[in-house]
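Right, one structure below, let's go through it.
FYI, it's all coordinate maths here, none of it is from the lab. Treat the numbers as computed from the prediction; the structure is a model and nothing was measured. So basically every Cβ, Gly included, is an ideal-geometry build from the backbone, and we count neighbours across all protein chains shown.
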């Protein structure tokens, strides 16, 4: 009886991909216009090595997101599709042979990209990797070295800090789709100033410092854009909240 009550999403969360596929396929057929279910179905197909169908479902999901102005989500899904297509290792396959752009709209809908030109945006997007976290997962720990910055493609995270001379952590903020975090450590070299956890299943686009440095060597104007952006929003960011809290402690 327990098996009958299990959902495709719960099986997917436990990485039981083969068992999740038929359940999620039924859900997708019942709700064909629901992108969340289609994406879960694609993830299960990819995990079960049913790669050609996974690529098709990823691209259909990405197209839905882009058509509805959700460009960051489209980028994340297309990166998953690229990874599945690469695993096929069949250049003659239509699915594997396609080289869809990661985004086609002029500006992906996130403040991270708004001040960059087309070439700069494309260079950064190419270097991003998709990272998934289940609810409760710790993404970054306060005090750790900062080696990556993150853009939220789907889901939500919570931000906490531990004020000096106090043992309990303090909740600071909730960040959602389109928000980004972790850039301060990457830009300044300072340790992480907060702990960030996933408050639900969350998909992130991760940009590692060494890859960002490589992009900066080819597009030095990005450094000025990132520095200017950081300075302009410094008074309104989580970083400002952390500084204020710690000064009061």
- prompt: Extension gain residue 31-residue 227, at 0.36 nm per residue separation less the Cα-Cα distance, in nm?
  reply: 66.1 nm
- request: Please arrange 159, 215 by counting, for each residue, the other beta carbons lying within 10 Å of its beta carbon, fewest first.
  value: 215, 159
- line: If R0 = 22 Å, then residue 168 and residue 135, at their Cβ-Cβ distance, give a FRET efficiency to the nearest 0.05 of 0.55
field: Spin-label model distance (nm) - residue 126 vs residue 6, 7 Å beyond Cα toward Cβ
entry: 4.2
statement: FRET efficiency for residue 117 and residue 217 from the Cβ-Cβ distance with R0 = 25 Å, rounded to 0.05, comes out at 0.90
query: the range 181-215 to the range 52-78: how many Å between their Cα centroids?
result: 24
- request: Provide the gained length on full extension for the span residue 188 to residue 18, in nm with one decimal, where the gain is 0.36 nm per separating residue minus the Cα-Cα distance.
  value: 56.8 nm
statement: With label points set 7 Å from each Cα along the Cα-to-Cβ direction at residue 89 and residue 142, the distance between them in nm comes to 4.7
